[in-house]
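First comes the structure, then the notes that go with it.
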2 protein chains.
Amino acid sequence: MADLGEHEVLRRLHQFCDSVVGDDGAIQSLPAGERLVVTTDVLVDGVHFCDRTLPPNALGWRAAAVNLSDLAAMGATPMGLTIGLTLPADTPWPWLGELYQGITDCLQHHGGAIIGGDLCRGEHRSLAITALGSVQPHQALYRNRAQPGQTLVTTGAHGASRAGLALLLGELAPELDPHNGPDDQSWIQAHQRPVPRFDAISILRQLSPEGTATIAAMDTSDGLADAIVQICTQSQVGATLFSSQLPLPSGLGNRVGSATAQNWSLYGGEDFELVLSLPSDMARDFIKRLPGSRVVGQTTLEPGIRLVDDVPQAPDVWLSHTQGYRHFA
Amino acid sequence: MADLGEHEVLRRLHQFCDSVVGDDGAIQSLPAGERLVVTTDVLVDGVHFCDRTLPPNALGWRAAAVNLSDLAAMGATPMGLTIGLTLPADTPWPWLGELYQGITDCLQHHGGAIIGGDLCRGEHRSLAITALGSVQPHQALYRNRAQPGQTLVTTGAHGASRAGLALLLGELAPELDPHNGPDDQSWIQAHQRPVPRFDAISILRQLSPEGTATIAAMDTSDGLADAIVQICTQSQVGATLFSSQLPLPSGLGNRVGSATAQNWSLYGGEDFELVLSLPSDMARDFIKRLPGSRVVGQTTLEPGIRLVDDVPQAPDVWLSHTQGYRHFA
């Protein structure tokens, strides 16, 4: 990029942008009566990604999806992203072009446009993305709205992203049997191209036209256990989960053993599904309409999140989010 | 911070935030009929700041001010900031606390609140800030609205921030004469605590109640010359400047010589003043009402930005923004 010069790099990047670029800020309209939803995520090379696990196109997709997933968790519709990028001066243009292509691909699938950004020279690569969305006030989703006796539902399997990472890092050997090989691809896909669950939000809006006052939601970026603990703690309820109901990806237990599969499902993180606490009849309708969604437990009046084992004599386990991913651990 | 743990660090940071924190995104209202203005800046340790030039409190102020200045250049009123922060795990808490205090101080003076963020471990310190503001559509300011025959006005002196940096880096020796010493402090202040010029925007709104269709504006983050070149290029006009009218900080010529003073004034950058292209009668009223503001030249029908020297025989100089700060140079 040093050879191209800043103006040429910016000119190329502007081709990915929807809005007119060339002022100190971008001007956007918010649909009448809607609220703005804002969320930020930073991805750092060596911490959140590396060349081995995420080629630039996948990194771009994932960086956009991570932020869109937060918008989905708030019940919002995407408006756009700003991208604050730090890159070494010797970064080749194709790397940067592929990164922006990946971001654009994700936005074309799920909504929103690149509305601004900043590009800086720095020794280490990092991306700071801020996503903007809009939501009608009565359809906004919060973490603290769960009530005792509700059904905890998740939109998909958990542990697939962790399994994909293990395959990419060589921690898990690839499957040689062609009958089982497809799992590998789907797990790598789960890690590299997570899908923000706006499809779930659209179903939820249809099921609750009067509003979302008794629904709690969060995405599972930091793990399934973390999302359940956060929703329950902030809503001042407890929960009972059953290990038999954990949303394991098909085939994972056979490949890594049931203890590891359970651990990855609860604490692996980065599956970017949603956890919802719903009134039970709504949960039933929701699951009928969203393939792959599952019940993972029930909220309770008693505090604490209890994981009940299938084996009758096994002691219950109490979950805590501190076993999940910790940025400064 | 590694000792405190992520939850304790986040708990402390949340005390600086105005809004309720604890969901996947922050919800904000936009004043009815107004547009959203969005801008992003990334500051990287070793490129945009270092411990020697910016202690954490000043870094926080400056990081906020840089973004607010972009909002001012768009004619917008600040709503809030998101802060994407990358820090080594051994960063002491007081450093981070002071950074947030500096950000908060700037917002308390100039408007807006911290509405979200993300905190990541990384080897190198960087801050990615996205600022949100709001503006009535007819009061928004753009770079491409200048017309030939307008007066180019700037809100203050240029070169002071560069002089402050030179003092902080030891490139310029401190003044020992107590009569001249105050300049040093004001130049360091200009570098460490730039002031976003919302005061100028407020005067501009009073002078143009019917709207800003014939006003162009940009902030001078990348230098006075760059701002003039950008406004003229995007508006398809030229400009004539006179070296005698360059807005030098008082005392700078005596300290560094007139050639260096002129160079710093045109290309030093980071003064975060505004350049405005105004109809001449509005320019006259504006300058009367904003102390420190000055005429720097006139726009012309002929393209090119010509700097006319005071010495009658000296050749004119044609300015180009490529002599300014280049991120990938």
For residues in segment B:117-126 being open to solvent by less than 20 Å² (accessible area, probe 1.4 Å) and in a strand (DSSP E or B), which is nearest to B:F16 (Cα to Cα)? B:L119
In segment A:1-19, what residues are open to solvent by 60 Å² or more (accessible area, probe 1.4 Å) and touching a strand residue (DSSP E or B) at 6+ places or on another chain (Cβ under 8 Å)? A:D18
Tally, over segment B:205-248, of residues that are open to solvent by 10 Å² or more (accessible area, probe 1.4 Å), farther than 23 Å from B:D281 by Cα and more than 14 Å from chain A (Cβ to nearest Cβ): 1
Hey, can you tell me all the residues within segment A:1-29 that are modelled with pLDDT of 80 or more and among the polar types (S, T, N, Q)? A:Q15, A:Q28, A:S29
For residues that are out of contact with any helix residue (DSSP H, G or I) (no Cβ under 9 Å at 6 or more places or on another chain) and more than 8 Å from chain A (Cβ to nearest Cβ), scanning just segment B:80-97, find the one that is most open to solvent (accessible area, probe 1.4 Å). B:D90
If a residue must be crowded, with 24+ Cβ neighbours inside 10 Å, over 22 Å from A:A173 (Cβ atoms) and polar (S, T, N, Q), how many such residues does segment A:249-281 contain? 1
Count - residues of segment B:102-116 that are out of contact with any Leu (no Cβ under 9 Å at 6 or more places or on another chain) and open to solvent by 30 Å² or more (accessible area, probe 1.4 Å): 3
Top-ranked residue of segment B:127-156 - restricted to ones that are away from chain A (no Cβ under 14 Å) and surrounded by fewer than 24 Cβ atoms within 10 Å (Cβ to Cβ), ranked as farthest from A:V42 (Cα to Cα): B:G149
Mind checking whether some residue in segment A:309-322 is open to solvent by 80 Å² or more (accessible area, probe 1.4 Å) and in contact (Cβ under 8 Å) with a residue 60 or more places away in the chain? yes
Just checking, how many residues over segment A:98-126 are more than 8 Å from chain B (Cβ to nearest Cβ), under 15 Å from A:L43 (Cα atoms) and of a type in the set (A, V, I, L, M, F, W, C)? 2
Is it the case, given these coordinates, that B:V295 is open to solvent by 30 Å² or more (accessible area, probe 1.4 Å) and touching a helix residue (DSSP H, G or I) at 6+ places or on another chain (Cβ under 9 Å)? yes
Only listed residue being in a helix (DSSP H, G or I) and within 26 Å of B:G80 (Cα to Cα), chosen from A:L107, A:L99: A:L107
Within segment A:31-47, can one find any residue that is of a type in the set (K, R), touching a residue at least 12 places away in the same chain (Cβ under 8 Å) and open to solvent by 20 Å² or more (accessible area, probe 1.4 Å)? yes
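Which members of segment A:70-96 meet the condition of being assigned to a strand (DSSP E or B) and closer than 20 Å to A:A200 by Cβ?
Hits for segment A:70-96 are A:T77, A:P78, A:M79.
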Restricting attention to segment A:157-173, the residues that are without any contact (Cβ under 8 Å) to a residue 60 or more places away in the chain, under 20 Å from A:V195 (Cβ atoms) and open to solvent by 10 Å² or more (accessible area, probe 1.4 Å) number exactly 1
For A:L71, indicate whether it is within 11 Å of chain B (Cβ to nearest Cβ), open to solvent by less than 10 Å² (accessible area, probe 1.4 Å), at pLDDT 95 or above and in contact with a helix residue (DSSP H, G or I) (Cβ under 9 Å, 6 or more places away or on another chain). yes
Is there a residue being surrounded by 21 or more Cβ atoms within 10 Å (Cβ to Cβ), more than 14 Å from chain A (Cβ to nearest Cβ) and of a type in the set (F, W, Y) anywhere in segment B:177-193? yes
Restricting segment B:52-68 to residues that are under 22 Å from B:S134 (Cβ atoms) and more than 12 Å from chain A (Cβ to nearest Cβ), the one surrounded by the most Cβ atoms within 10 Å (Cβ to Cβ) turns out to be B:A64
Filter result (more than 9 Å from chain B (Cβ to nearest Cβ) and assigned to a loop (DSSP other than H, G, I, E, B)) within segment A:34-51: A:C50, A:D51
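The values are calculated or read from the model by the stated rules, or taken from the named source; none is laboratory data. As the structure is a prediction and not an experimental result, all values here were calculated from the model. Positions of Cβ are backbone-derived with ideal geometry, glycine not excepted, and every protein chain shown enters the neighbour counts. Ligands, DNA and RNA are excluded from the accessible area calculation, which covers all protein heavy atoms including side chains. Shrake-Rupley method; radii C 1.70, N 1.55, O 1.52, S 1.80 Å.
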